[in-house]
Amino acid sequence: MNGIFGSLFGFIYSIFGYILGFFYELFKNTPAPYVIALIVFTIITRVLLLPTSIPQQKNQAKQFRIQPKLQKLQQKFGNDRQKLSEEQQKLYQKEGYNPMAAGCGPMLISLPLLWGVYGAITRPVSYVLRFKDEAAAFLADKNVTDFFSSISTSKRSSYYQELLLLNQLGDSSSKISAKISSYFSTAQIEQMKEFAQGFTLFGIDLTQTPSIKSFSILWIIPILSGITSFLTSFYSTRMQKKYNPAMSQGSNMLSQGCMMAFMPIFSIYLCFTVPAGVGFYWVISNIFAFFQTVLLSNIYAPPKVAAKNMISDVINRYAYEKSIKDRKKTVE
């Protein structure tokens, strides 16, 4: 099974690696080609994922529409929990509302894209520069893996060894300099060095991992990640409370407050455990997610959707009644 999944992941990584490599070549003459390529690449992948977020937004609009009906059911069957549950299920089916959000479909669609993005970013030597065989042999060397484990602040350093490799290229005194020369040709090493230079943005080397124990300019990545994550969580919570006041009461309010605090903290923690290049992707994703949330919240604002559905219902009812009248006239 590992072989099957390995081949599947490799295939997905290859596709996204070619795409990221294309953008890298496109912006090769810019001051930070890989950074710019990563921004464009991230935006495109988020746009591809955009349709998977629409069903959830529509579902929230339906939730707003049926709130008055749910409240009436609660008033009518509040003391009979079984009857209330049955009537709620009937209402959900009639309105086409899924209380379990958008279902598994969007997740199944988005997972291959997320896998591809992750693989292309964390394994650029194999899938962007396409030195896959050389990289595999190099990273199979026990001396190399032991060295990377010793210099990494992350327990998951094995996932980011290709970024660590790029980070070591410019250090002639590195303990693995000889190993690099043994596994990669001179031309390949020069290509990797040129590629690694594109990881620098305003003096920030995105191949390095921020350390929470030692303050450096790399801290800006985790900080930005926390801020951008908070913006999305805050805005989503605010819209939810605006259109569904029940969510701002009792345990729901506590749950949302915990989630709004958890996501930024998790984002900051994540960016202190991975190379800054991965954290930078996370920041760009958060920024796009914020604007996506704002856009969808306005396009599919519950009052707007409810009004459109109401008009549609009136038109359909009128058409239905007219068809009945026309049938009666025909019979007569």
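The values are calculated or read from the model by the stated rules, or taken from the named source; none is laboratory data. What you are looking at is a predicted structure, and each value in this text was computed from that prediction instead of being measured. Cβ: placed from backbone, ideal geometry, glycine included. Neighbour counts: every protein chain shown.
Considering the conditions (1) modelled with pLDDT of 70 or more; (2) in contact with a helix residue (DSSP H, G or I) (Cβ under 9 Å, 6 or more places away or on another chain); (3) loosely packed, with under 13 Cβ neighbours inside 10 Å, L84 is excluded by exactly one of them, (3). The residue that is surrounded by the most Cβ atoms within 10 Å (Cβ to Cβ), among those in the range 188-216 that are among the β-branched types (V, I, T) and part of a loop (DSSP other than H, G, I, E, B), is T209. Of the residues in the range 26-35, at least one is at pLDDT 80 or above and charged (D, E, K, R). Hey, does the range 61-79 have a residue that's surrounded by fewer than 17 Cβ atoms within 10 Å (Cβ to Cβ), modelled with pLDDT under 80 and not in a helix (DSSP H, G or I)? Checked against the condition, which is being surrounded by fewer than 17 Cβ atoms within 10 Å (Cβ to Cβ), modelled with pLDDT under 80 and not in a helix (DSSP H, G or I), the range 61-79 yields at least one hit.
Looking only at residues of the range 182-217 that are touching a helix residue (DSSP H, G or I) at 6+ places or on another chain (Cβ under 7 Å) and at pLDDT 90 or above, we find that the one that is farthest from L166 (Cα to Cα) is Y183. Does A289 meet the test of being at pLDDT 80 or above, among the small types (G, A, S) and part of a helix (DSSP H, G or I)? Answer is yes for this residue. Note on the range 38-51: residues that are free of Cβ contacts under 8 Å to residues at least 60 places away in the same chain and either over 14 Å from A289 (Cα atoms) or among the β-branched types (V, I, T) (or both) amount to 3.
For A140, the criteria (1) modelled with pLDDT of 85 or more; (2) farther than 30 Å from L26 by Cα; (3) assigned by TED's automatic domain parsing to the domain that holds Q191 hold in every case but one, which is (3).
With respect to V283, is the statement that it is within 21 Å of L49 (Cβ to Cβ) and modelled with pLDDT of 80 or more true? Taking the combined requirement at face value, the residue satisfies it.
If I filter the range 166-180 down to residues being in contact with a helix residue (DSSP H, G or I) (Cβ under 6 Å, 6 or more places away or on another chain) and in a helix (DSSP H, G or I), which single residue comes out as farthest from L129 (Cα to Cα)? For the range 166-180, the residue satisfying everything is K179.
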